[in-house]
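Asks: Let me give you the structure first, and then I'll get to my questions.
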Amino acid sequence: MHELTLLVGVTQQIGEVVRENDIDHVDAVVLEVGEATTVVPEFLRDGWEVLSDEYDYLRGAELVIDIIPAVCRCRECGTHFAPEENEGRCPACESSDRELVSGTEFLIKEIRLLE
Ligand SMILES: [Zn+2]
């Protein structure tokens, strides 16, 4: 369950922002999670429940998960397509020589504060 390790990193980053900006409490955190990562959103939510309770500035904060769709680019013809389509082959030229151009994200998109 590497979600917990990722979340510890997230809480540390938020902790820095909180200290630098003299923030008392964060109300919601938006994470961008790529569809092609091995991160399981359900585990993130479970981990967040436990971890957010350990920090005064995060207690009760909502975790919002934005899933970024996986997109591949065909190395033969440059067509962009979703890797789960067409059994992973390019829909234009049927090549299976592809690279992932989106979907591997894991980052903090937004830290929300209520006024
Ligand atoms: Zn192609």
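Asks: Suppose we keep only residues that are within 12 Å of the ligand (Cβ to nearest atom) and part of a strand (DSSP E or B) within segment 87-108. Which one would you say is nearest to Val39 (Cα to Cα)?
Replies: Only one residue tops the list, namely Glu99.
Asks: For residues that are of a type in the set (Gly, Ala, Ser), over 13 Å from the mean Cα position of the chain (by Cα) and more than 30 Å from Leu114 (Cβ to Cβ), tally how many sit in segment 31-82. Full working, then the answer.
Replies: Restricting attention to segment 31-82, the residues satisfying the condition of being of a type in the set (Gly, Ala, Ser) are 34, 36, 47, 52, 60-61, 70, 78, 82.
Remaining after also requiring over 13 Å from the mean Cα position of the chain (by Cα): 47, 52, 60-61, 78, 82.
Going one step further and asking which of them are more than 30 Å from Leu114 (Cβ to Cβ), we end up with 78, 82.
Of the residues in that region, 2 qualify.
Asks: Here's another thing I want to ask about it. From the list Leu51, Leu114, Leu63, Leu58, pick out the single residue that is of a type outside the set (Ser, Thr, Tyr) and out of contact with any helix residue (DSSP H, G or I) (no Cβ under 7 Å at 6 or more places or on another chain).
Replies: Details: Leu51 fails: out of contact with any helix residue (DSSP H, G or I) (no Cβ under 7 Å at 6 or more places or on another chain); Leu63 fails: out of contact with any helix residue (DSSP H, G or I) (no Cβ under 7 Å at 6 or more places or on another chain); Leu58 fails: out of contact with any helix residue (DSSP H, G or I) (no Cβ under 7 Å at 6 or more places or on another chain).
Matching residue, one of Leu51, Leu114, Leu63, Leu58: Leu114.
Asks: Ser102 versus (1) loosely packed, with under 15 Cβ neighbours inside 10 Å; (2) over 19 Å from Gly9 (Cβ atoms): which is the lone unmet condition?
Replies: Failed condition: (1).
Asks: Here is a follow-up. Condition first: surrounded by 14 or more Cβ atoms within 10 Å (Cβ to Cβ) and not in a helix (DSSP H, G or I). Now tell me which residues in segment 41-65 satisfy that.
Replies: Listed by number, the residues that qualify are Tyr55, Tyr57, Leu58, Ala61, Leu63, Ile65.
Asks: Pairs please, first residue from segment 58-80 and more than 16 Å from the ligand (Cβ to nearest atom), second anywhere and of a type in the set (Phe, Trp, Tyr), Cβ atoms under 7 Å, 6+ apart in sequence or on different chains.
Replies: What qualifies is Leu63/Trp48.
Asks: Still on this model: In segment 20-29, is there at least one residue being assigned to a helix (DSSP H, G or I), of a type outside the set (S, T, N, Q) and at negative phi?
Replies: Yes, segment 20-29 contains at least one residue that is assigned to a helix (DSSP H, G or I), of a type outside the set (S, T, N, Q) and at negative phi.
Asks: Also, quick follow-up: List every residue pair whose Cβ atoms sit under 7 Å apart, with the two residues 6 or more apart in sequence or on different chains, where the first one lies in segment 19-47 and is more than 19 Å from Glu110 (Cα to Cα) and the second, anywhere, is of a type outside the set (D, E, K, R).
Replies: Taking only residues 6 or more apart or on different chains, the pairs are Ala36/Ala70; Ala36/Leu100; Ala36/Gly103; Ala36/Thr104; Thr37/Thr104; Thr37/Phe106; Phe43/Met1.
Just so you know, all these numbers are worked out from the coordinates, no wet-lab data involved. Because the structure is predicted, anything quoted here is derived from the model rather than measured. Cβ coordinates were reconstructed from backbone atoms using ideal geometry, including for glycine residues, and neighbour counts include every protein chain displayed.
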